[in-house]
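Contents: one structure, followed by commentary.
The values are calculated or read from the model by the stated rules, or taken from the named source; none is laboratory data. What you see is a predicted model; the values in this text were computed from it and never measured. In this analysis, Cβ positions are derived from the backbone assuming ideal geometry, glycine residues included, and neighbour counts consider all displayed protein chains.
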Amino acid sequence: MKLEEPEKLSKKLKLGFYPYTYVRTTVMKSLLFKKEDYHKMLKMSFSEIAKFLQDTNYKAEIDKLAAEYSGADLLELALNKNLSDSFKKLIRISSYELGLMIKEYIKRKDIEDIKTILRGKFTNMDEKLVMNSITSAGTLSPEFLTSLLKKESIEEVLKNNKIVDFSLLKEGLKDLNEKKTLATIENALDKHYYNHLMEFSQILPKQGALFRDFLLKEIEILNILTILRLKRVKFDKKVIAGFIISTGDKLKDAKIKSLADADDLDQLSGILEKAGFKNVIQKGIEEFKENGSLITLETELYKHLLNESILLLHQHPLSIDVILGFMFAKDIEIRNLRIIIKGKQLGLSENFIKKQLVF
């Protein structure tokens, strides 16, 4: 199955000046929750949070789904629908060229949805629970994702996924059959997405420079987290190297390789500090040393990335970077709300939930 290519990658994409789209995106950005909104929700009960969300930008989705769903299911589906609607609105108010860029970016949601389906099948999860977790916020339709979920095996899902050529997933399928792990398949999906997006970014004109810089930072952070997770479970250095997503930037790739080659956590954290992450990783590394938890480290790294996206929003309000900044910030908002809703549902402490939020 051939990947759907947005354009011949040898041809530069022409981007004009689109003040209407940028202004509309800035308005959408103004509706995102602020730090104080999260603090309010942390002090609310589950039912109070549901009522609070009904008085916000999520009202239309909650009202529409309330006849059929309730409780956590209702809120989870409303969040998914709102995210999907937000991204589709961006495409509607954009030119053809901007729309191509947005579609390439949101294929990350397709990858996430495919992973959700694979995990559901791997663990024999109830199909309804899997469907509730699918966002349909990418380029694949809810109907197509449902058809994937109905496939009889993981192999059939992979053969029919429409995003990544099956030939790139065969090694992962072999690992699944022999080692009973989805890790290699999921890594192949991520590698394809980011490699393809970096390739796509090469056809963007000068306005796309910050888009590329942001992608490089995001890949760097994903690689750091992947390396830490694999080192935590004592994976061999050569195996870890195989999971690294290449950026094509020799300096950045060399730094990431040195992390994979680090013999212990002290050496690894020293490399990160030299790479400019000292203030970002300090708390998380201490927690990781104490109990092996990556929660704080992951949260702090995503906060760092969110700050980068906010810089795009503020420094370049009339450029394609405002669109990228909004999409990333919107995705983070949905992540935060899911954490709060699930935490309240499980009766977790306010402090524990707060530690996982990115704002």
Say whether the condition of being on the phi < 0 side of the Ramachandran plot, crowded, with 19+ Cβ neighbours inside 10 Å and among the basic types (Lys, Arg) is met by at least one residue in region 110-131.
yes
Looking at region 155-165, which of its residues are in a loop (DSSP other than H, G, I, E, B), in contact with a Lys or Arg (Cβ under 8 Å, 6 or more places away or on another chain) and buried (at least 19 other Cβ atoms within 10 Å of the Cβ)?
Ile163
Check on Lys88, within 30 Å of Leu216 (Cβ to Cβ) and either within 25 Å of the chain's Cα centre (by Cα) or assigned to a helix (DSSP H, G or I) (or both):
yes
Filter the helices (runs of 4 or more DSSP H) completely within region 169-239 down to those with at least 3 residues that are in contact with a Gly (Cβ under 9 Å, 6 or more places away or on another chain), at pLDDT 90 or above and within 26 Å of Asp261 (Cβ to Cβ).
183-201
Hey, does region 196-217 have a residue that's in contact with a helix residue (DSSP H, G or I) (Cβ under 7 Å, 6 or more places away or on another chain), crowded, with 17+ Cβ neighbours inside 10 Å and β-branched (Val, Ile, Thr)?
no
From the set of residues in region 258-268 that are surrounded by fewer than 21 Cβ atoms within 10 Å (Cβ to Cβ) and touching a helix residue (DSSP H, G or I) at 6+ places or on another chain (Cβ under 7 Å), which is nearest to Phe359 (Cα to Cα)?
Leu265
Anything in region 166-175 that is touching a residue at least 24 places away in the same chain (Cβ under 8 Å) and surrounded by 14 or more Cβ atoms within 10 Å (Cβ to Cβ)? List them, or say none.
Leu168
Can you tell which of Ile310, Ile340 is under 22 Å from the mean Cα position of the chain (by Cα), modelled with pLDDT of 85 or more and aliphatic (A, V, I, L, M)?
Ile340
Failed condition for Lys35, given (1) surrounded by 13 or more Cβ atoms within 10 Å (Cβ to Cβ); (2) of a type in the set (Lys, Arg); (3) in contact (Cβ under 8 Å) with a residue 60 or more places away in the chain:
(1)
Are any residues in region 43-85 more than 16 Å from Asn336 (Cβ to Cβ), outside any helix (DSSP H, G or I) and touching a residue at least 40 places away in the same chain (Cβ under 8 Å), and if so, which ones?
Ser45
Can we say Leu357 is in a loop (DSSP other than H, G, I, E, B) and aliphatic (A, V, I, L, M)?
yes
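Here's the yes/no breakdown for (1) over 24 Å from the mean Cα position of the chain (by Cα); (2) at pLDDT 85 or above:
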site: Ala260; (1), (2): no, yes
site: Asp264; (1), (2): yes, no
site: Ile271; (1), (2): yes, yes
site: Glu287; (1), (2): no, yes
Residue pairs, Cβ under 6 Å, 6 or more apart or interchain, first in region 91-115 and among the small types (Gly, Ala, Ser), second surrounded by 19 or more Cβ atoms within 10 Å (Cβ to Cβ). List them.
Ser94/Thr21; Ser95/Tyr18
